[in-house]
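Take a look at the structure below.
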């Protein structure tokens, strides 16, 4: 790819992210998710460009856009937690209404801060910075090298057999970088990269990423039942939330055991 093609890809990512930021104004959980996925794909593209070129200057996303990404994630986590609590309450015929109100209030307080970042040109600022840092060219081999390097990191992480929650999250992040740029390669080069996955197709890795995502969601759900948030709640509600947390921790352990067993078997075969 020459610089014109590289800038075209960068512009396409920007347009998708711009549309996602426009759609986020109503704070729909799915729209927030689309914004965050667009952000991660753009970020993965920057990592691809930088990793190949020796001594290349890091392509940094503006602090404002980074903050918007993290804030939007917090808002979505709060929204999903409300949904989980309501669904759990329907199943058990009782809802922690005080805790749900607390989650909604926390979300309400964060929304103006997020919109202020977009109004302040967080996205445009990043676009201006990244345009000036695009390389003059990028060989097709750069895709393959990136995917192979990242893949080696993932395999090493799995084969180390260290499966802390943070370690599993890191495996997921690296796998997303591979998957996003694998799809970008197919789109721009119109060909399949080398079969580093030994016959496993894209659908397999979509399902694996989905399973890793569910584990991360469970970790987040448990973390959001914060002790200092429960202090002012009624005793009955605190007992209910502690019971929910304990049940979710057991669920998380089962998900983790299943996930680790799958990773060990599948990556041993690779």
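Tabulated values for the structure
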quantity: Verdict on residue 75 being in contact with a helix residue (DSSP H, G or I) (Cβ under 8 Å, 6 or more places away or on another chain), modelled with pLDDT of 80 or more and under 23 Å from residue 174 (Cβ atoms); calculated: no
quantity: Check on residue 49, modelled with pLDDT of 80 or more and under 30 Å from residue 237 (Cα atoms); calculated: no
quantity: From the options 101, 88, 120, residue that is touching a residue at least 24 places away in the same chain (Cβ under 8 Å), farther than 30 Å from residue 134 by Cα and more than 22 Å from the chain's Cα centre (by Cα); calculated: 88
quantity: Any chance residue 119 is touching a strand residue (DSSP E or B) at 6+ places or on another chain (Cβ under 8 Å), surrounded by fewer than 16 Cβ atoms within 10 Å (Cβ to Cβ) and over 22 Å from residue 175 (Cβ atoms); calculated: no
quantity: Boolean, residue 88 is touching a helix residue (DSSP H, G or I) at 6+ places or on another chain (Cβ under 9 Å), assigned to a helix (DSSP H, G or I), under 26 Å from residue 215 (Cα atoms) and modelled with pLDDT of 95 or more; calculated: no
quantity: Checking residue 73 against (1) in a loop (DSSP other than H, G, I, E, B); (2) surrounded by 15 or more Cβ atoms within 10 Å (Cβ to Cβ), the condition it does not meet; calculated: (1)
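The values are calculated or read from the model by the stated rules, or taken from the named source; none is laboratory data. The structure presented is a predicted model; accordingly, all values stated were derived computationally and were not measured. Virtual Cβ from ideal backbone geometry, glycine too; neighbours counted across all protein chains shown.
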